[in-house]
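The values are calculated or read from the model by the stated rules, or taken from the named source; none is laboratory data. Because the structure is a prediction, the values reported are computed rather than measured. Cβ sites come from the backbone with ideal geometry, for glycine too, and all protein chains shown count toward neighbours. We work out accessible area using only protein heavy atoms, side chains counted, and drop any ligands, DNA or RNA first. Shrake-Rupley method; radii C 1.70, N 1.55, O 1.52, S 1.80 Å.
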Amino acid sequence: MTNDQAERLAKRIARAGLCSRREAEKWIEAGRVKVGGVKITTPAFNVSEKDAVVVDGKLLAESESTRLWLYHKPAGLMTTHKDPQGRPTVFEKLPKELGRVISIGRLDLNSEGLLLLTNDGNLARKLELPSTGWIRRYRVRVYGAIAPSMLAQMKNGVTIDGMAYGSVEAVLDSQKGNNSWLTVSLKEGKNREIRKIFEHFGCRVSRLMRLSYGPFQLGSLEKGEVKEVSGKVLRSFIGN
């Protein structure tokens, strides 16, 4: 974008990595944003790179180029910037040189594996949407009886307490007594979705590890390790 081109104010804030575009729109409506010293309260407002944008009294930094990192989240960390209960968070453990980043989706406290991080809130929102068609794949250890009929129902989608869950493909990899390992794939990750679905069928997830998110793989990344995706690879998957 050249200096003379305009874009939505919320998108400008999201590109700076402060939050998602949707969150930025809420911030604007709440009166937290000023442009050229004037409070803006409507998201339907365009700005250029020349405009001075202030959020919560702080000048918005120039937008960085979009970056993406792969992170191997250990179990025991919350995927949030601040936990009201004081539990350790992913962002407290990240290298300081990353600056402020946000996660693309979440992994709950006891889940581990691949977590995507970015400095671009707009990208985070885009890649979280089921419309991307990206498969999220997990390795899951379950305690309880696994029946073919149960896996068939999961593939057709289930409704639990009024919440409709889409198709979940689960493949039984191994079974020893009541303990089983499965590979589970889905296109949408609602809050604790895999755990809730197995609980619905009388089973308990004792370990859950995300192996991949779309084209990005956990691979040999060690727990707590962060690896940046090159700009060339990033563009090949998400465009400019």
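What do you reckon, is Pro95 farther than 22 Å from Glu23 by Cα, out of contact with any His (no Cβ under 6 Å at 6 or more places or on another chain), surrounded by fewer than 13 Cβ atoms within 10 Å (Cβ to Cβ) and in contact (Cβ under 8 Å) with a residue 60 or more places away in the chain?
Yes, satisfied.
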**OP:** Mind telling me which of the residues Val90, Val47, Val53, Val35 ends up being crowded, with 18+ Cβ neighbours inside 10 Å, over 24 Å from the mean Cα position of the chain (by Cα) and free of Cβ contacts under 8 Å to residues at least 40 places away in the same chain?
**Re:** Val35
Original post:
From the list Glu193, Glu199, which residue is open to solvent by less than 20 Å² (accessible area, probe 1.4 Å), more than 16 Å from Leu114 (Cα to Cα) and without any contact (Cβ under 8 Å) to a residue 40 or more places away in the chain?
Top reply: Glu193
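Name the residue that is nearest to Glu112 (Cα to Cα), counting only residues in segment 126-166 that are of a type in the set (Ser, Thr, Tyr) and touching a Ser or Thr at 6+ places or on another chain (Cβ under 9 Å).
Tyr138
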**OP:** Give the number of residues within segment 9-36 that are modelled with pLDDT of 90 or more and at positive phi.
**Re:** 2
Subject >> Any chance Arg141 is among the basic types (Lys, Arg) and more than 22 Å from Leu127 (Cβ to Cβ) >> reply: yes
**OP:** Could you please find all residues in segment 62-98 being under 16 Å from Glu225 (Cα atoms) and at pLDDT below 90?
**Re:** Lys96, Glu97, Leu98
Original post:
Would segment 207-218 turn up any residue that is farther than 19 Å from Asn110 by Cα, open to solvent by 70 Å² or more (accessible area, probe 1.4 Å) and either more than 18 Å from the chain's Cα centre (by Cα) or in contact (Cβ under 8 Å) with a residue 40 or more places away in the chain (or both)?
Top reply: yes
**OP:** List every residue pair whose Cβ atoms lie under 8 Å apart, where the two residues are 6 or more positions apart in sequence or sit on different chains, the first residue falls within segment 120-139 and is under 25 Å from Glu62 (Cβ atoms) and touching a residue at least 12 places away in the same chain (Cβ under 8 Å), and the second residue, located anywhere, is surrounded by fewer than 19 Cβ atoms within 10 Å (Cβ to Cβ) and β-branched (Val, Ile, Thr).
**Re:** Asp120/Thr66; Leu123/Thr66; Leu123/Ile238; Lys126/Thr132; Lys126/Ile238; Leu127/Ile238
Original post:
Of all strands (runs of 3 or more DSSP E) completely enclosed by segment 101-187, which ones contain at least 1 residues that are surrounded by fewer than 18 Cβ atoms within 10 Å (Cβ to Cβ)?
Top reply: 136-143, 158-160, 163-165, 168-176, 179-186
**OP:** Identify, from the list Lys82, Lys11, Lys26, the residue that is of a type outside the set (Ser, Thr, Tyr), open to solvent by 60 Å² or more (accessible area, probe 1.4 Å), within 22 Å of Glu128 (Cβ to Cβ) and assigned to a loop (DSSP other than H, G, I, E, B).
**Re:** Lys82
